[in-house]
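> First, the structure itself, so that you have it in front of you.
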């Protein structure tokens, strides 16, 4: 399976929050606490073993290789056929209301089937999901519908870049296939995943930066245990 991935280059990021604002505008996200597909948290100034760090933590769904959110979904499972847009190749899988796409590796939600129970949001060690209580599935009981970053799937399928990538004023976000040179080269140069000994979900958002900034990011923002 090919996998979409994103690099966030902290040597370029200025912490301006333009990415998060673009995401809100693109997806009409309510302007209230806890409602975000994409966020930027300022870190530091703080001492590290490599010197003083003042950086940012731009976060979003990691579209993990082993997403903790998928197996906990209690919605009834159905057979769903996925199609690879370029080749027309198909694959049928049994899925609940959230799944990992077999052709691009993105983790998606069927909002017509979401129960709004919040189990997936509770299971995500990165806090990348939320339940939008401003809307509800009229066909199901529940307090809202789960939401998160989709890597702007409709935009990507239309040949566009994700809104956050398109908007970044310093080109600090790089999006593409994980095996593409523009992504793979960053990984070879030392881009890191936000993982710990207890959290091994295989995230596909990578962070590249100066050692002091990666140390602060890892220390303050990497989940140390599963929810």
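> Looking at the range 33-65 only, could you name the residues that are buried (at least 16 other Cβ atoms within 10 Å of the Cβ) and not in a strand (DSSP E or B)?
36, 37, 61, 62, 63, 64, 65
> Going by the conditions given, is residue 30 touching a residue at least 60 places away in the same chain (Cβ under 8 Å), surrounded by 13 or more Cβ atoms within 10 Å (Cβ to Cβ), touching a strand residue (DSSP E or B) at 6+ places or on another chain (Cβ under 6 Å) and part of a loop (DSSP other than H, G, I, E, B)?
On the way: touching a residue at least 60 places away in the same chain (Cβ under 8 Å): yes; surrounded by 13 or more Cβ atoms within 10 Å (Cβ to Cβ): yes; touching a strand residue (DSSP E or B) at 6+ places or on another chain (Cβ under 6 Å): no; part of a loop (DSSP other than H, G, I, E, B): yes.
When the stated conditions are applied, residue 30 does not pass them.
> Among the residues of the range 50-94, which ones are without any contact (Cβ under 8 Å) to a residue 40 or more places away in the chain and closer than 30 Å to residue 212 by Cα?
54
Only the coordinates and a few stated rules stand behind these numbers; no lab work does. On a predicted model such as this, the values are computed, not experimentally measured, just so you know. As a convention, Cβ positions derive from the backbone with ideal geometry for all residues, glycine included, and neighbour counts pool all protein chains shown.
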